[in-house]
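Visitor: Just passing along the structure, written as structure tokens.
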Amino acid sequence: MTLNPRSETVAERVAAGLQRHGVDLIFAQSLPSAVILAAEALGIRQIAYRQENMGGAMADGYARMSHKVAVVAAQNGPAATLLVAPLAEALKASIPIVALVQDVERHQTDKNAFQDLDQIALFQSCTKWVRRVNLPERIDDYLDAAFTAAASGRPGPVALLLPADLLRETMDGIPSGRRANLGHWPLDRMRPADGVIEQAAQWIAGAQAPVVLAGGGVHASGAAAMLARLQETACVPIATTNMGKGAVDEHHALSLGVLGALTGPRALGHQTKAFIENADLVVLVGTRTNQNGTDSWRQIPPTARVIHIDIDPAEIGRTYEALRLAGDAAETLAALCRVLESIDLTHRRSERRHLELRIAECWQRFETARADVWNAATSPLRPERIMRELQPWLSHGLTVVADASYSSMWVAGQLRAGPGGGRFITPRGLAGLGWGLPLAIGAKLADPHKPVVALVGDGGFAHSWAELETMVRLDIPVVTIVLNNGILGYQRDAETVKFGSYTSACHFSPVDHTQIARACGCQAVRVAEPDDLAAQIDSAITSRAPWVIEVMTDPEAHPPLSLFAAMDEQR
């Protein structure tokens, strides 16, 4: 049978729509097969993951670094359920992902077909938007709606359910009629009205002790340059949350580094938290004022005025009553700076030198407090020493990706971000273990020319080491540094502080991760002496090949979190 030359299947129309939206790779495992075959025929590269939940995390890392809407695909049934966790992370962290999920054939719905499940209910709690397509003539409408929902307003994940029989249907003579590319984010850039911008500027100009707290929304908006302009214009100190790490140059004289829960005796936040605790005005930029970013909501004083800039109006006033600047961070900061540059800022400028001296003293006290662990020549290695050896690579544009738990805290609290240099990616939406490696794979695919290092604990690495084969098979040169301390560090330490003991799950049997890596075809080395580490990191990064560096790490080391402050002060 000869088909009409204009005939195409729904799957082919989906693939063409993905191409129109600028999609050049799709994280998938060959399913939905009709879509993947059609996409590969158009030159869209399939990044075939080993585990469905890892595919979702790869898409997350790709979207964060590329500022393109990422696409992940999965089969109905177990594969769909395994997308829930990474989509939930993306929802909390505001990362746009379009999940294309195969569904059972339309005539089989609610008949206990193989791997049938109510996937609309499944995804409603972990996405912004979920729909099932039933009519072939609506496929372009729904595909555009999916990308629009993912990339507009507060970005986030969406799920589009595609019945298997629908994908095989032909669309004879049904024109597309759609031409827009909606695959970038932020899709729309809005800002508040002039009146509220002017009020915010007057509050800043008149404040005695203002502080800015910047979150991950600065990265989402691409607002780092505008944040730096505010810092210079208003002479205001800036701290960041964990997800905001890298949004400001931490070598700038008005940078307070990362705050949140990193306030123990050896933390920079131990020195700088007074700036926010004594502020009379706090400007929140792109932060959801979550528990970790505010040290359990203890740092922003109830007497302070608050200005909150956020793309999501529902986040403004959630925890702190605030002057509402609902809009894109970059556009809003640009408008705010224009007003500030036109008004009298004599008082703010007169305070600058005094502020710079105070902040410099904080950094110096921090360096003194951590000197013994930063320079430790002991074995097993202190994680701070590992950060010391990574620090020079930040000037080479290194992207540092960390797993959840302690890995994120070592990166956020010990590395010092530079001007326009590296990027830091941490899974702080839900903070699930195991996502560091797949996030790094996605980040590397987004910008293949920048070196990427994933810092993971041995506990988290066990969730994702199958993806080493993915890295080798697809030649994705990520360097994975495994902190092997033989324990679930945070679990043990938190249980000890809260209950005086910890459960039997916290300790592991010895594992040689280099053998696992080599079995997958990945180059690997174990480091047990601190003097060997710098050379191994240099060799791995410059090799431009997948690498695992297993570092035997001190099991007694923990980041200087507020939870452990009382214990640490007694040492």
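Visitor: Place +1 on the Cβ of every Lys and Arg and -1 on the Cβ of every Asp and Glu in the chain, take the dipole about the Cα centre, and give the residue among S125, A201, P302 whose Cα lies farthest towards its positive end.
Guide: Toward the positive end, the furthest listed residue is A201.
Visitor: Under a 1.4 Å probe, what is the accessible area of the chain per residue, stated in Å²?
Guide: It amounts to 38 Å² per residue over the chain.
Visitor: Holding the Cα-Cα limit at 26 Å, pick out from K128/K498; K273/K450; K68/K92 the pairs that are longer than that.
Guide: From the list (K128/K498; K273/K450; K68/K92), the Cα-Cα distance tops 26 Å for K128/K498; K273/K450.
Visitor: With the cut-off at 1.5 for a/c, could you classify the chain from its C-alpha gyration tensor as rounded, prolate or oblate?
Guide: In terms of gyration-tensor shape, oblate.
Visitor: Let me ask something additional. Helix 194-206 sits at what angle to the longest principal axis of the chain, using alpha carbons and giving 0 to 90 degrees rounded to 10?
Guide: The helix 194-206 is inclined about 20 degrees to the chain.
Visitor: Chymotrypsin sites (Phe, Trp or Tyr not before Pro), restricted to region 1-96: which are DSSP loop and have at most 15 other Cβ atoms within 10 Å?
Guide: none
Visitor: Sorted by accessible area (1.4 Å probe), largest first, how do S509, S408, S562 line up?
Guide: Largest accessible area first, the residues go S509, S562, S408.
Visitor: Using +1 at the C-beta of Lys and Arg and -1 at the C-beta of Asp and Glu, which of P175, P192, A85 has the Cα lying farthest in the positive direction of the dipole of region 84-204?
Guide: With unit charges placed on the Cβ atoms, the residue in question is P192.
Visitor: So, R0 is 56 Å and r is the distance between the beta-carbons of L37 and L357; what FRET efficiency does that work out to, to 0.05?
Guide: Efficiency computed from Cβ-Cβ geometry: 0.30.
Visitor: So, one more: In degrees from 0 to 90, rounded to the nearest 10, what is the angle of the helix 52-66 Cα long axis to the longest principal axis of the chain?
Guide: For helix 52-66, the angle is close to 60 degrees.
Visitor: On to the next question. Please report the equivalent ellipsoid semi-axes of region 43-189, computed as sqrt(5 x eigenvalue) of the Cα gyration tensor, largest first, in whole Å.
Guide: They are 23, 20, 13 Å, listed largest first.
Visitor: Okay, next question. Give, rounded to the nearest 20 debye, the magnitude of the charge dipole that region 493-555 has about its Cα centre when Lys and Arg contribute +1 at Cβ and Asp and Glu contribute -1 at Cβ.
Guide: The calculation lands at about 300 debye.
Visitor: Related question: To the nearest 10 degrees, how steeply does helix 436-446 sit against the main Cα axis of the chain, on a 0 to 90 scale?
Guide: Once rounded, one gets 70 degrees.
Visitor: Over the Cα atoms of region 222-268, Rg to Rh with Kirkwood Rh, two decimal places?
Guide: So for region 222-268, dividing Rg by the Kirkwood Rh gives 0.99.
Visitor: For K444, go through the aspartates and glutamates and keep the ones whose alpha-carbon is under 17 Å away, minus same-chain ones fewer than eight residues off.
Guide: The reachable aspartates and glutamates, counting only those whose Cα sits under 17 Å from K444, are D24, D60, D403, E467, E469, D475.
Visitor: What spacing in nm lies between the two simple spin-label points modelled at D116 and A225, each 7 Å away from Cα in the Cβ direction?
Guide: The answer from the label model is 5.5 nm.
Visitor: Of all beta bridges DSSP finds with both residues in the chain, what is the antiparallel percent, to the nearest 5?
Guide: 5 percent
Visitor: Here's something else I'd like to know. In whole percent, and with a 1.4 Å probe on the protein chains, what portion of the accessible area of the chain is carbon and sulfur?
Guide: That share works out to 51 percent.
Visitor: State, as an integer percentage, the relative contact order of region 52-135 based on alpha-carbon contacts under 8 Å between residues 6 or more apart.
Guide: Once normalised by length, the contact order is 31 percent.
Visitor: Another one. Sum -39500 (n - 2.57) across every DSSP H segment of at least 4 residues in the chain, then divide by the residue count to get the 222 nm mean residue ellipticity, nearest 500.
Guide: For the chain, the value works out to -11500 deg cm²/dmol.
Visitor: Sorted by average packing, counted as other Cβ atoms within 10 angstrom per residue and highest first, what order do 234-246, 195-207 take?
Guide: Top to bottom by mean Cβ count within 10 Å: 234-246, 195-207.
The values are calculated or read from the model by the stated rules, or taken from the named source; none is laboratory data. In this text the structure is predicted, and so the values were computed from the model without any measurement. Counting neighbours? That spans all protein chains shown, and the Cβs are built from the backbone with ideal geometry, glycine included. The accessibility values were calculated without ligands, DNA or RNA, using every heavy atom of the protein model including side chains. Shrake-Rupley method; radii C 1.70, N 1.55, O 1.52, S 1.80 Å.
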